[in-house]
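Note sheet for the following structure.
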Amino acid sequence: MKNHLVSLSIFSLAVCLVIGCWLISDSLSGKKNDHKKETQQRLLTKSEVAKYLGISPVEVQKLTEINNGDNSFTSKIPHIKIDQTDYYPKKAIDKWLLNTELIVVP
């Protein structure tokens, strides 16, 4: 009887250990990676930012490059240019939206 109780205790401990390891690995791999993706600085393309803002890509381009007339451009919308492609940081876009009043796109 004593050997039976020891065997049952060892088996119960092994099952608890396996379940605990499974729960820990599941929480580390699933939820934490999803949260990291959300909090990372994400760069949007022109079409993605257009969809995000609910405007056309042409209007995004107009906000990105406003001609000053002397062969230089200003921008109403925060962006970075890598090679010839414009990228828009999502966090900067969100901050810009909060601080923007009224913009008329010509």
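List of remarks:
- Residue 44 surrounded by 12 or more Cβ atoms within 10 Å (Cβ to Cβ) and without any contact (Cβ under 8 Å) to a residue 60 or more places away in the chain: yes
- Count - residues of the range 65-88 that are of a type in the set (S, T, N, Q), more than 22 Å from the chain's Cα centre (by Cα) and assigned to a strand (DSSP E or B): 2
- You will find that of 91, 51, 62, 95, the residue that is basic (Lys, Arg) and more than 16 Å from the chain's Cα centre (by Cα) is 62 and no other.
- When each of 59, 38 is tested for being in a helix (DSSP H, G or I), of a type in the set (D, E, K, R) and at pLDDT 90 or above, the lone residue that passes is 59.
The values are calculated or read from the model by the stated rules, or taken from the named source; none is laboratory data. Fair warning: this is a prediction, and the values are worked out from it, not measured in the lab. Every residue, glycine among them, receives a Cβ derived from its backbone with ideal geometry; neighbour counts consider all protein chains shown.
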